[in-house]
Amino acid sequence: MVYSQAKVIAGGLAHIPIVIGIFYFIMTFFNKRAIEYAEANKPKKVEKKVEKKVEKTEIKTKSATSTKIESKVEVQKTTSVSSELKTEAQNNNENTNIEEKPMKKKHADVPVNIYRPKTPYEGTVIENYSLLKEGAIGRVNHITFDLKDSDPFLNYVEGQSIGIMPSGEDANGKPHKLRLYSIASTRHGDNFEGNTVSLCVRQLQYEKDGETINGICSTYLCDIKPGDKVKITGPVGKEMLLPEEEDANIVMLATGTGIAPMRAYLRRMFEATEKEKNSWNFKGKAWLFMGAPKSANLLYEEDLQRYLTDYPDNFKYTKAISREQQNAKGGRMYIQDRVLESANELFNMIEDEKTHIYLCGLKGMEPGIDEAMTKAAEEKGLNWSELRPQLKKAGRWHVETY
């Protein structure tokens, strides 16, 4: 049968609605399947709430416990076994709970570098006298400088140091470099008027090629006289500052002129005039371990004995006199031997978060103190190698040696 062109076109047009209908059916089918799939895989509202609740609980738990285990788990980061971390953290908590204590606090405004080496302050010597008794070894002087004419005023706080620039030149014709000395007075000075600063200085002497060599700056300071002018820089240092809490406990370990900052602390705590001037009224316990070669070398002894009499509940004084006393083994008595003798009481204090330990003196005293602390800690079931960095991190372990 032969169709005309017009009939062919008409027939084609007649099939268009059928094609559209089939296309519509197919699109509807697939859209419906897509919607059903999306609904089937959509999280239920109840499940969302549970997830959020769990997430919130996990965050809260981390916040509450991170302070307790952070410092201990940190040293175990190289291991990948979670059970080992858990066991290590539990063991550390059995040894000590120092890691649970607050982090180191930042002190309020502390004066630093009011005077620098290029622009020192010239202070006038007020007094310079020996601190030693007859029969002592060496030479140790107490020296006080007038600060009232300093502009800007050279103020400082207990535990800081100042720099001294000795007069004269070195072998190369250059001015001598400054030396730092721990301040031995409170911020109010020895006269309580707030315009002086004092140092405790031992003349350095050593043998070289059969000749006695005197320290440049220490000899200069021991020889200066009232009325002399001395170039002073500073103050510097925040490591040895006292805590702000009035009920803190202060353990002090010192040898020789390392007593300088300890003297400042004790005067601030126990001198009647200081207590009147300060808004800080010490209520804790202060314990001084003092090392010296002979009794005649004990420094500021009269003041320390007075504090013992006036404040027996707040001050304890333990002496180690190496050439006059013997330790338990029959050898010379050193400060580390006294630490061992007092291990139980000492570490009962250290376990209290309010206790701070201050170490000042010759650098050679550090190994002996460290060894004594290790043994003393063991007697309490503690690990000193772990405990010491925790104390440092918490701002409770203060060291200044030279």
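Please compute the per residue accessible area over segment 284-402 with all protein chains in place, 1.4 Å probe, rounded to a whole number of Å².
Ligands and nucleic acids excluded, the result is 45 Å² per residue.
Using a 1.4 angstrom probe on heavy atoms only, work out the carbon and sulfur share of the accessible area of segment 332-402 in %.
The nonpolar share, carbon plus sulfur, comes to 48 percent.
As a quick test, which of the pairs K275/K392; K285/K375; K316/K354; K294/K319 have an alpha carbon distance above 19 angstrom in this structure?
The pairs that break the limit, which is 19 Å between Cα atoms, are K275/K392; K285/K375.
With N residues in segment 170-223, what two-decimal value do you get for its Cα radius of gyration over 2.2 N^0.38 Å?
In units of the globular-protein estimate, segment 170-223 measures up at 1.51.
Pop out the carbon and sulfur fraction of the accessible area of segment 246-316 as a percent, whole number, probe 1.4 Å.
46 percent
Round to a whole angstrom and tell me the spacing of the C-alpha centers of segment 269-329 and segment 332-402.
Answer, in whole Å: 18.
Find which of L362, M373, W397 sits farthest along the positive direction of the dipole of segment 352-402, computed with +1 on the beta-carbon of Lys and Arg, -1 on that of Asp and Glu, about the Cα centre.
After comparing all options, I get W397.
Report the accessible area of T124, computed with a 1.4 Å probe over the heavy atoms of all protein chains in place, in Å² rounded to the nearest 10.
My reading of the accessible area for T124 is about 40 Å².
Name the long-range amide H neighbours of N327: under 5 Å, sequence gap of 5 or more, or other chain; modelled H, no Pro or chain starts.
Answer set, sorted by chain and number: R332, M333.
Before I look further, what does segment 193-238 give for accessible area per residue, probe 1.4 Å, in whole square angstrom?
Heavy-atom accessible area per residue stands at 51 Å².
The values are calculated or read from the model by the stated rules, or taken from the named source; none is laboratory data. Quantities reported herein were computed from a predicted structural model and do not represent experimental measurements. Note that each Cβ is placed from the backbone with ideal geometry, even for glycine, and that neighbours are counted across all protein chains shown. Ligands, DNA and RNA are stripped out before the accessible areas are found, and what is left, the full protein with its side chains, is counted by its heavy atoms. Shrake-Rupley method; radii C 1.70, N 1.55, O 1.52, S 1.80 Å.
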